[in-house]
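K.L.:
The structure that follows is given in the form of structure tokens.
Laboratory data are not the source of any read-out in this text; all were calculated from the coordinates shown. For clarity, every value in this text was computed on a predicted model and none was experimentally measured. All Cβ positions, even for glycine, are placed from backbone atoms using ideal geometry, and neighbour counts span all protein chains on display.
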Amino acid sequence: MRTKYLILFAALLIFETGCRKYVEIEQKNIRTLKYTTDFRYIMNNIQNFEGTCSYPIFSGDDTEITDPSRILAMDDIQSNIYTWSAKYTSDLQGDSDWDRLYKTIYTCNEVIAGVRDSQGGTNADKEQIYAEALVHRAYTYLILVNMYAKQYNSATSSTDLGVPLLLTPNLYTSLKRQPVAAVYTQIQKDLTESVSRLPALPDYNMKPAKVSAYAILSRTYLNMRDFNRAGLYADSSLTLQSTLLDLQKYATAPGTVPSRLNDPEVLLSKTTGVTVTAVSISNDLLTSMGTRDLRYQIFTGARSVFGRSFSGAFTGRASSRYLLNGEFVIVNGPSVPEMMLVKAECLARAGNATSAISVVNNLRKKRFLTADYTDLPTGTADAALQTVIDEKRKEFVGSGMRWFDQKRLNLDPAFAQTKTRTFKNQTYTLVPNSNRYIFPIGDKYILLSPELEQNPR
């Protein structure tokens, strides 16, 4: 049992030497979690919580890799994800996204279980730390259930397999997968419990606050197709933080784009956890953006912008935002633009095309030079909804977020499209609501933990 737990949480190597001897007494030269400040240091360590997932970058339809040199440079896992294969990893390979996400959950569970009984801090300090861990855990489960389980569907969510729902740091807990509905219920519970214990805005945006808890609730209800509550929570988040970057300021100096921790658009700093370099953007998306869009000019680039350190030729353009300001990270957490577009989608679905397009135009005004900008006209509600979906694809290109929208929109007949790709002279097809929209669980984990039932392929 301990072995399977260690495999699931591969990064927690400290337990390999027999962790239970550290539980009862404080060991010499070993710092145990005892004081409230210990838990605060854990929560302030950005490496514990910021990294999320990178695999969806390869599966989404905003990515298109056709150049032979780029194809040859892809490893076997990336190739399998890109072609929506039945398996992504071999029996001996780990799933880096799965490992990273469950490591985050384990760390959150340690804090949730222990901080309230810690020594030295005020009750308010303990409650805030407790709430921050709840938010990080909820966000992590939202990513996991949308990668490794079926899309939430109220008609089947109580029986659809979700993911292991681990709520304590117990080494011997069951890894049996819980229903999708149960995972969503826990996400909602964690977030709603956290809000009253959090400040409206954080000291810095790696720390959860009300603004990010509301944003994650908005994304949660969007995935549940509860558009009324998704819109309300988007409004709650935007009431607290609504500043947009004006890309006109960076048109001639892209390297001065603020770092993620200084970016007023970021509500909770989350990244892919690894840098996927020069993600080639699909031609249809590049065409829809147009060359005057500053997101095209600043955040995408031809091969020449990637420098000598990047190996491999390619045509077209690739996502280059991670190169700016020296950070070398791909940001994919909740943000002001996301909340604006969630609000716009919910307005369009409610039949309010005028307000929906107004929100989109308010965003687009910050994405063009004044001389190049023109308001989008108001049409029907259906047309407004299509506009919102298209704008969201442009806004988050190269981040992996498109995959989650692509998956959930299969439940809308107007957006359910068959996708095809050619890779190494073979054509691959992904039909709406296919089981290939569900990431497979690594065979390595199932061999060690048979209760981890595989997804249908």
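K.L.:
Sort Met147, Met74 so that the residue with the fewest other Cβ atoms within 10 Å of its own Cβ comes first and the one with the most comes last.
P.N.:
Lowest to highest Cβ neighbour count: Met74, Met147.
K.L.:
Using 0.36 nm per residue, how much length does the chain from Thr66 to Thr156 gain when fully extended, once their Cα-Cα distance is taken away?
P.N.:
Length gained, Thr66 through Thr156: 28.7 nm.
K.L.:
So what's the net charge close to Ile298: Lys and Arg +1, Asp and Glu -1, counting the other residues with Cβ under 10 Å from its Cβ?
P.N.:
+2
K.L.:
Can you compute the modelled spin-label distance between Gln426 and Leu411, with each label point 7 Å from Cα toward Cβ, in nm?
P.N.:
In this crude label model, Gln426 to Leu411 measures out at 3.3 nm.
K.L.:
Would you report the distance distribution of C-alpha pairs in the chain as whole percents per 20 angstrom bin, up to the bin with the largest distance?
P.N.:
Distribution as computed: 24, 58, 17, 0 percent.
K.L.:
Right, next: How high is the FRET efficiency from Asp117 to Arg229, r the C-beta distance, R0 35 Å, rounded to 0.05?
P.N.:
With R0 = 35 Å, the Cβ-Cβ based efficiency is 0.55.
K.L.:
Would you please give the residues with an amide H less than 5 Å from that of Ser335, counting only those at least 5 places away or on a separate chain, with H modeled from the backbone geometry?
P.N.:
When sequence neighbours closer than 5 places are left aside, the close amide H contacts are Leu267.
K.L.:
Rounded to the nearest 0.05, what FRET efficiency do Thr287 and Asp91 give with R0 = 56 Å and r taken as the Cβ-Cβ distance? Could you check?
P.N.:
My answer for the efficiency is 0.85.
K.L.:
Using the alpha-carbon centroid of each, what span in Å lies between region 139-202 and region 288-316?
P.N.:
Here the answer is 37 Å between Cα centres.
K.L.:
What is the fewest-to-most order of Asp117, Asp293, Asp190 by other Cβ atoms lying within 10 Å of their Cβ?
P.N.:
Lowest count first: Asp117, Asp293, Asp190.
K.L.:
Right, another one. Between region 203-278 and region 77-113, how many Å separate their Cα centres?
P.N.:
For region 203-278 versus region 77-113, the Cα centre distance is 24 Å.
K.L.:
Another one. Consider just the alpha-carbon atoms of region 160-200 and return their Rg together with their Dmax, both in angstrom.
P.N.:
12.7, 37
K.L.:
In addition: Using θ = phi - 60° and the Karplus curve 6.51 cos²θ - 1.76 cosθ + 1.60, what whole-Hz ³J(HN,Hα) does each residue of region 78-93 get, with Gly and Pro shown as x?
P.N.:
4, 4, 5, 5, 4, 9, 6, 5, 5, 10, 9, 10, 7, 4, 9, 9
K.L.:
Further, regarding this structure: For the chain, what relative contact order do you get, as a whole percent, if you take Cα pairs closer than 8 Å and at least 6 residues apart?
P.N.:
20
K.L.:
While we're looking at this one, here's another question. Could you list which residues have their amide H under 5 Å from that of Val279, counting only those 5 or more apart in sequence or on another chain, with H placed in the peptide plane?
P.N.:
Result for Val279 returns Ser319.
K.L.:
Something else: So what are the ³J(HN,Hα) numbers for region 62-77, from phi and the Karplus equation (6.51, -1.76, 1.60; θ = phi - 60°), rounded to whole Hz, Gly and Pro as x?
P.N.:
With coefficients 6.51, -1.76 and 1.60, one gets 8, 9, 8, 10, 10, 6, x, 5, 5, 4, 5, 7, 6, 7, 5, 5 Hz.
K.L.:
Follow-up question, since we're still on this one. Take Ala182 and Asp382, extend 7 Å from each Cα along the Cα→Cβ direction, and tell me the distance between the two endpoints in nm.
P.N.:
Rounded to a tenth, the inter-label distance reads 4.1 nm.
K.L.:
Using amide H atoms built 1.01 Å from N in the peptide plane, name the residues 5+ places from Tyr428, or on other chains, whose amide H lies under 5 Å from its own.
P.N.:
Arg421, Thr422, Phe423
K.L.:
Are there any helices in the chain, counted as whole DSSP H runs, that stretch 24 Å or more along their axis by Cα and score at least -1.0 on average by Kyte-Doolittle, and if so which?
P.N.:
Helices meeting the span and hydropathy rule in the chain are 96-114, 123-148.
K.L.:
Here is a further query. Using a basic spin-label model with each label point 7 Å from the Cα along Cα→Cβ, how many nm lie between Ala371 and Asn435?
P.N.:
Taking the two extended label points, one gets 5.7 nm.
K.L.:
222 nm [θ] for the chain, helices only, -39500 (n - 2.57) per DSSP H run of 4+, per residue, to 500?
P.N.:
Here the helix-only value at 222 nm equals -13000 deg cm²/dmol.
K.L.:
With 21 Å as the limit, write out which pairs from Lys343/Lys365; Lys207/Lys365; Lys150/Lys343; Lys103/Lys207; Lys126/Lys176 have Cα-Cα distances beyond it, or answer none.
P.N.:
Going by Cα-Cα distance, Lys207/Lys365; Lys150/Lys343; Lys126/Lys176 fall outside the 21 Å limit.
K.L.:
Apply the Karplus curve 6.51 cos²θ - 1.76 cosθ + 1.60, θ = phi - 60°, to the phi angles in region 319-324 and return the couplings in whole Hz, x for Gly and Pro.
P.N.:
Per-residue couplings from phi come out as 5, 10, 4, 5, 7, 6 Hz.
K.L.:
Moving to a separate point now. Would you kindly state how much longer the chain becomes between Ala73 and Val305 on full extension, computed as 0.36 nm times their sequence separation minus their alpha carbon distance, in nm to one decimal?
P.N.:
81.7 nm
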